[in-house]
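Let me begin by presenting the structure, written as structure tokens, before commenting on it.
Derivation of every value follows stated rules applied to the coordinates shown; laboratory data play no part. The shown structure was predicted, so the numbers you read here are calculated from the model rather than taken from an experiment. Cβ coordinates were reconstructed from backbone atoms using ideal geometry, including for glycine residues, and neighbour counts include every protein chain displayed.
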Amino acid sequence: PIIISKPHFYQASDIVKSFVPRFKPSYDDETTLDIEPMTGTVISANKRIQINLLTNQFPTIG
């Protein structure tokens, strides 16, 4: 199966993050909106995603 998440599993549960201890989630992985304060118009938006492929663990592969 294919799993969509935030980059580096940002805001994922600790159980999920324990499977990939090298990932370092940070606030930079958050979705952001820049909004013009007078009109409320969205000036820019950044949606960051990560596409993950669930695989079986093979003991013979490091």
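Condition first: loosely packed, with under 14 Cβ neighbours inside 10 Å, assigned to a strand (DSSP E or B) and either touching a residue at least 24 places away in the same chain (Cβ under 8 Å) or more than 16 Å from the chain's Cα centre (by Cα) (or both). Can you find one or more residues in the range 3-12 that meet it? Looking through the range 3-12, at least one residue is loosely packed, with under 14 Cβ neighbours inside 10 Å, assigned to a strand (DSSP E or B) and either touching a residue at least 24 places away in the same chain (Cβ under 8 Å) or more than 16 Å from the chain's Cα centre (by Cα) (or both). Taking the range 13-46 as the range and being hydrophobic (A, V, I, L, M, F, W, C), surrounded by fewer than 11 Cβ atoms within 10 Å (Cβ to Cβ) and not in a loop (DSSP other than H, G, I, E, B) as the test, the residues that pass are I15, L33, V42, I43, A45.
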